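Taking it in order: structure first as C-alpha cells, then the write-up.
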Amino acid sequence: MDQRGLMALWGMFYNPKERFQPVAEKSPTWNRGAYLVEGLGHCGDCHTPRTMLQALDNRKKFAGGMAEGWRAYNLSSDKESGIGTKRTKSEFDLDKANRQLNSLTVSAPSDGIVTVLRNWRSGNWMNPQDFKEGDRVWAGASIAELPDISSMFGSARVDEVERGRMAIGQAGTIRVEALPDRELKGHVDKISALAKADFTTWPPPRNFDLTMAIDDPDDRLRPGMTATIRVSVETLSNVLLVPPQAMFSDGGEDFVYVVQHGRAEHRRVEIDRRNADHVVIKSGLQEGESVALKDPTLEGRR
C-alpha cells in the first residue's frame with residue numbers, strides 16, 4: 001500500500017468529513033467560539049496533544065502539546081496546569097473593577113442641598129479649602145453632606161471664661177447676616193464636654209463648641225450662613241459698662257486711665273462682671289467719664 005492509501009486510511013479513522021454543528025443549548029457567543037476553536041481547527045490542532053499515530057487525543061482536549069518544536073500551552077480549565085485559575089482571577093479582578101466603577105456614582109437618599117466639606121489635606125491646614133475636582137481623596141474621607149434643612153441649628157464657640165455661665169436650655173437669639181429683617185429665637189441645645197484649641201488665631205485660645213437650636217426657623221435659612229448668636233445668661237440693669245480694651249491690670253489690681261483735660265489719670269476700679277465684649281464696673285468710675293483704650297504711659301516712653 002502506497003503513502004496515499006495510508007493517508008486515506010488514517011483520515012477515515014481520525015479526520016472524519018463532518019461539518020461543525022452548533023450546540024442548541026449554548027448561547028450564540030459560545031457557539032461562535034466553539035466554531036473558531038473546533039470547526040476551523042484554530043486552537044485544537046496545536047493545543048491538543050497527539051497520539052502515537054499523530055491523531056488528536058480528544059481525551060486530553062486543549063491540554064497542551066508540541067507543534068513543530070513549539071510549545072502549545074494547556075488551555076483547559078484544569079486548575080493545576082491549565083488556565084482555570086488565571087481565568088478565575090481575571091474574572092475576580094474584572095468584577096472588582098466594575099464594583100469600584102459603580103461605587104463612583106453616589107445617589108442621595110433624598111432631595112436637598114449638597115454641602116461640600118473641607119479638604120484637610122489640601123496643604124493649608126490652618127485655612128483648608130473645600131474639595132474640588134482633581135483633589136486626591138482617601139479611604140473614609142467625608143467629601144460632601146446632604147443636610148436636613150428642616151432642622152437647622154446654629155453653632156458657635158464659647159470662651160473658657162464663659163463656659164461656667166452656660167447651661168443647656170438657656171434662651172438666646174440668632175441674627176443671620178443674610179436675613180437682616182429677622183431675629184430668630186432659640187435655646188442652647190448642646191455644649192461640648194472638652195475644650196478645643198482654635199488655631200485660626202495665635203496664640204490659639206481654647207474654646208467649647210456650642211449648638212443653638214432654632215425655635216422659629218425661617219424657610220430662607222441655608223447651611224453655612226454667617227450668624228451672630230447671643231445667649232442670655234444674666235440680666236443686669238442700671239450698670240456701668242466699659243469696653244475690655246479700657247481695662248488694665250498690675251499686681252492683681254484692676255485700673256483704668258480716666259481722661260480729663262487732656263491728661264490721663266490712673267484710677268483703681270472694682271469689677272463686678274465681665275465677658276469678651278463688656279466689663280461691668282462696680283465702683284471707681286462715674287457715668288459720663290472718658291477712659292483711654294490704650295495705655296498712655298507706653299506712648300510716653302517711645
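The values are calculated or read from the model by the stated rules, or taken from the named source; none is laboratory data. Predicted model only: the values in this text are computed from it and were never measured. Virtual Cβ from ideal backbone geometry, glycine too; neighbours counted across all protein chains shown.
Key figures for this structure:
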quantity: Residue in region 243-258 that is assigned to a loop (DSSP other than H, G, I, E, B) and under 24 Å from Val158 (Cα atoms) present; calculated: yes
quantity: Matching residues in region 233-242 - criterion: being surrounded by 10 or more Cβ atoms within 10 Å (Cβ to Cβ) and in a loop (DSSP other than H, G, I, E, B); calculated: Val233, Leu236, Val239
quantity: Residue within region 12-22 that is touching a Cys at 6+ places or on another chain (Cβ under 6 Å), aliphatic (A, V, I, L, M), at pLDDT 70 or above and more than 30 Å from Trp138 (Cβ to Cβ) present; calculated: no
quantity: Leading residue by the ranking (surrounded by the most Cβ atoms within 10 Å (Cβ to Cβ)) among those in region 45-66 that are outside any strand (DSSP E or B), of a type in the set (A, V, I, L, M, F, W, C) and over 58 Å from the mean Cα position of the chain (by Cα); calculated: Ala55
quantity: Set Val137, Val161: member being part of a helix (DSSP H, G or I) and of a type in the set (A, V, I, L, M); calculated: Val161
quantity: Every residue from region 71-86 that is loosely packed, with under 13 Cβ neighbours inside 10 Å and at pLDDT below 75; calculated: Ser77, Lys79, Glu80, Ser81, Lys86
quantity: Number of the condition not met by Thr226 [criteria: (1) within 25 Å of Thr115 (Cα to Cα); (2) surrounded by 11 or more Cβ atoms within 10 Å (Cβ to Cβ); (3) modelled with pLDDT of 85 or more; (4) under 27 Å from the mean Cα position of the chain (by Cα)]; calculated: (2)
quantity: Failed criterion for Leu210 (all others in (1) part of a strand (DSSP E or B); (2) out of contact with any Gly (no Cβ under 9 Å at 6 or more places or on another chain) hold); calculated: (2)
quantity: Filtered residue count, region 210-263, keeping only those that are within 30 Å of Pro180 (Cα to Cα) and touching a Phe, Trp or Tyr at 6+ places or on another chain (Cβ under 7 Å); calculated: 4
quantity: Long-range neighbours under 9 Å by Cβ, at least six apart or interchain, first residue within 27 Å of Ala55 (Cα to Cα) and in a loop (DSSP other than H, G, I, E, B) within region 12-30, second of a type in the set (A, V, I, L, M) and modelled with pLDDT of 70 or more; calculated: Asn15/Ala55; Phe20/Ala34; Phe20/Leu40; Pro22/Ala34; Val23/Ala34
quantity: Per-region count, region 262-278, residues exposed (fewer than 12 other Cβ atoms within 10 Å of the Cβ) and among the small types (Gly, Ala, Ser); calculated: 2
quantity: Candidates Ser107, Ser142, Ser150, Ser122, filtered to the one that is of a type in the set (Ser, Thr, Tyr) and modelled with pLDDT of 85 or more; calculated: Ser142
quantity: In region 279-292, the residues that are surrounded by 14 or more Cβ atoms within 10 Å (Cβ to Cβ) and not aliphatic (A, V, I, L, M); calculated: Gly284, Glu289
quantity: Region 153-167, subset of a type in the set (A, V, I, L, M) and exposed (fewer than 12 other Cβ atoms within 10 Å of the Cβ), residue modelled with the lowest pLDDT; calculated: Val161
quantity: Any hit, region 169-177, residues being of a type in the set (Val, Ile, Thr), outside any helix (DSSP H, G or I), touching a Phe, Trp or Tyr at 6+ places or on another chain (Cβ under 9 Å) and more than 24 Å from Val279 (Cα to Cα); calculated: no
quantity: Any hit, region 208-220, residues being in contact with a helix residue (DSSP H, G or I) (Cβ under 7 Å, 6 or more places away or on another chain), under 15 Å from Ser155 (Cβ atoms), surrounded by 10 or more Cβ atoms within 10 Å (Cβ to Cβ) and touching a residue at least 24 places away in the same chain (Cβ under 8 Å); calculated: yes
quantity: Test: Asn119 is surrounded by fewer than 13 Cβ atoms within 10 Å (Cβ to Cβ) and not assigned by TED's automatic domain parsing to the domain that holds Arg222; calculated: no
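Residue-wise test of (1) among the hydroxyl-bearing types (Ser, Thr, Tyr); (2) more than 30 Å from Ser103 (Cα to Cα); (3) surrounded by fewer than 14 Cβ atoms within 10 Å (Cβ to Cβ).
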| position | (1), (2), (3) |
| --- | --- |
| Lys132 | no, no, yes |
| Asp135 | no, no, yes |
| Ile149 | no, no, yes |
| Ser192 | yes, yes, no |
| Pro205 | no, yes, no |
